[in-house]
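Let me begin by presenting the structure, written as structure tokens, before commenting on it.
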Amino acid sequence: QVQLVESGGGLVQPGGSLRLSCAASGSIFSINAMGWYRQAPGKQRELVAVITNGGNTNYADSVKGRFTISRDNAKSTVYLQMNSLKPEDTAVYYCNTVPSALDYWGQGTQVTVSS
């Protein structure tokens with residue numbers, strides 16, 4: 001059974017940094033592009049960063065230049081380094097394949113950017 005477990009969220013001041021981790025079980029990690037998604041209160045879930053199996057990356061305009069996605073295939077883990085955080089980055093962050101799979105959504109990790 002595939003499982004994705006996110007961690008690393010927390011409360012941070014504007015301008016601060018956080019590093020999120022997503023540990024994947026099962027066989028999906030080696031054959032799929034992986035992505036970080038986020039959902040802010042009252043808003044739809046959005047894809048913010050993608051990394052292919054070959055390491056190519058792409059970012060939403062709102063996070064470009066501030067967030068960096070990476071993956072460690074040996075550990076089946078994908079990371080999201082978030083720098084220069086803004087209050088509008090406040091959301092629950094999830095990882096999933098790209099495109100996303102309904103059965104793979106985990107609990108997510110809360111990121112709150114506030115002074």
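The values are calculated or read from the model by the stated rules, or taken from the named source; none is laboratory data. Note that the coordinates shown come from a computational prediction; the quantities given were computed from them, not determined experimentally. Cβ coordinates were reconstructed from backbone atoms using ideal geometry, including for glycine residues, and neighbour counts include every protein chain displayed. Side chains included, ligands, DNA and RNA excluded: accessible areas come from the protein's heavy atoms. Shrake-Rupley method; radii C 1.70, N 1.55, O 1.52, S 1.80 Å.
A few comments on the model shown:
- One residue stands out among those in region 83-115 that are open to solvent by 30 Å² or more (accessible area, probe 1.4 Å) and among the aliphatic types (A, V, I, L, M): the one that is farthest from the chain's Cα centre (by Cα), which is LEU102.
- Subset of region 10-28 [part of a loop (DSSP other than H, G, I, E, B) and either within 17 Å of GLN81 (Cβ to Cβ) or open to solvent by 50 Å² or more (accessible area, probe 1.4 Å) (or both)]: GLN13, PRO14, GLY15, GLY16, SER17, GLY26, SER27
- Among the residues of region 29-47, the one identified as part of a strand (DSSP E or B) and touching a helix residue (DSSP H, G or I) at 6+ places or on another chain (Cβ under 9 Å) is ARG38.
- Looking only at residues in region 29-51 that are hydrophobic (A, V, I, L, M, F, W, C) and touching a residue at least 60 places away in the same chain (Cβ under 8 Å), the one that is least open to solvent (accessible area, probe 1.4 Å) is MET34.
- Residue identified as without any contact (Cβ under 8 Å) to a residue 12 or more places away in the chain and open to solvent by 40 Å² or more (accessible area, probe 1.4 Å) among ASN73, ASN58: ASN58
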